[in-house]
Amino acid sequence: ATSDAFTLTANEDEKLQAAWQAYPNPTLDRLTVKLDAALSSRVQSLTLYDLQGRRVDSRPVRPVRGSATVEFDLRQTASGLLLLRAEGETLNLTKKIQKIQ
């Protein structure tokens, strides 16, 4: 039974990861994040962090007709690896974003 519970959790995680896209990645100056209807209602904010854990930028998620699109302006952000977190009351998902010059 334990392995079944783990499988369900892994399957749910795969579905949640597939429910949001961040592009272009790598990016020069702008990042667009799209969340589908299944995820946008569960996410309150999208936040970018550098690898030292410092918050680079944060945006609220406001679904329109179910889905949500959020734009980040990265022109003033140093190049390197960033972590994009989708954060909600019962949800934390992370994607790696490469910022290039």
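Some notes on this structure:
- Accessible area of the chain divided out per residue, in Å², using a probe of 1.4 angstrom: 63
- Given R0 = 25 Å, the distance between the Cβ atoms of residue 37 and residue 98 translates into a calculated FRET efficiency of 0.35.
- Nearest-ten-degree value, helix 2-18 long axis tilted from longest Cα axis of the chain: 40
- The portion of the accessible surface of the chain made up by carbon and sulfur, rounded to a whole percent, is 50 (1.4 Å probe; DNA, RNA and ligands excluded).
The values are calculated or read from the model by the stated rules, or taken from the named source; none is laboratory data. As the structure is a computational prediction, the values presented were derived from the model and not from experiment. Quick reminder, even Gly has a Cβ in these numbers, built from the backbone with ideal geometry, and neighbours come from all protein chains shown. Quick note on the areas: whole protein, heavy atoms, side chains included, nothing else; ligands and nucleic acids left out. Shrake-Rupley method; radii C 1.70, N 1.55, O 1.52, S 1.80 Å.
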